[in-house]
Amino acid sequence: MTNLSCPKLSCHCGSIAITIDTRPDFIFACNCSLCRKTGARWGYFAPDQVHVTGEPTRYRRTDKPDPSADIAFCPTCGATTHFTLTESAVAAHGNTMMGVNMALLAESDLAGIELRYPDGANWDGTSPFTYVREPRLLG
């Protein structure tokens, strides 16, 4: 990873701000119902690399028996900002990951990062992801 050379991320109204210590290695544009309907493009980071200011509202999906992410969004403008792992995901895997919605930035701010298209709509939750199309470099 290289040093981050993009502005601070924020929701539309600016109530939730996020700074990240590094650029993501890649970004996922997942097609599952949750990612598609929240408009998220996830960059993944270690929790200590993400710094959030403001008080988001959280949503945990109810269509899965054991969801692994709590989705955070701005209570004022509604923009999806990030996710943290649920208690059961942390118990199973450790607190190893946090997602940041990289769609909060302009694509030009993410130049050179690979955008991948995982088939989350058909993922069983345990096997490796398959992809719905070839990745592309943002720019």
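The values are calculated or read from the model by the stated rules, or taken from the named source; none is laboratory data. Everything numeric in this text was worked out from a predicted model, so none of it was measured. Note: ideal-geometry Cβ built from the backbone for every residue, glycine included; neighbour counts use all protein chains shown. Calculation scope for accessible area: heavy atoms of the full protein, side chains included, ligands and nucleic acids excluded. Shrake-Rupley method; radii C 1.70, N 1.55, O 1.52, S 1.80 Å.
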Magnitude of the Cβ-charge dipole of the chain, K/R +1 and D/E -1, about the Cα centre, nearest 20 debye? 320
Taking the full set of protein chains and a 1.4 angstrom probe, give the accessible area of Leu110 in square angstrom, rounded to the nearest 10. 10
Suppose all protein chains stay in the model; what accessible area per residue would a 1.4 Å probe give for the stretch 61-139, in Å²? 55
Using a 1.4 angstrom probe with every protein chain in place, what is the largest-first accessible-area order of Glu114, Glu87? Glu87, Glu114
Using only DSSP helix segments of four residues or longer, with each worth -39500 (n - 2.57), what per-residue ellipticity at 222 nm results for the chain after dividing by its residue count and rounding to 500? -2000 deg cm²/dmol
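Full-extension gain between Thr62 and Thr96, please, as 0.36 nm times their residue separation minus the C-alpha to C-alpha distance. Working shown, then result.
On the way: separation 34, 0.36 × 34 = 12.24 nm, distance 2.28 nm.
Separation in residues times 0.36 nm, less the Cα-Cα distance, equals 10.0 nm.
Could you work out what % of the accessible surface of the chain is carbon and sulfur, using a 1.4 angstrom probe and leaving DNA, RNA and ligands out of the count? Walk me through the numbers before you get to the answer.
On the way: 3860 of 7610 Å².
Answer for the chain is 51 percent, counting heavy atoms of protein chains only.
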Amide H within-cut-off set for Thr81, under 5 Å, with H built and near neighbours excluded: Ala72, Phe73, Cys74
Accessible area (Å², 1.4 Å probe, nearest 10) - Ser10: 40
Mean separation of Cα pairs under 8 Å and 6+ residues apart, divided by the residue count of the chain: what relative contact order is that in percent? 27
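For a quick protection proxy, order the peptides 61-67, 77-83 by their average other-Cβ count within 10 Å, most packed first.
Values: 61-67: 10.6, 77-83: 21.3.
In descending order of packing, they fall as 77-83, 61-67.
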Expected output is a single nm value to one decimal: the length gained when fully extending between Glu107 and Ala17, i.e. 0.36 nm times separation in residues minus the C-alpha distance. What is it? 30.6 nm
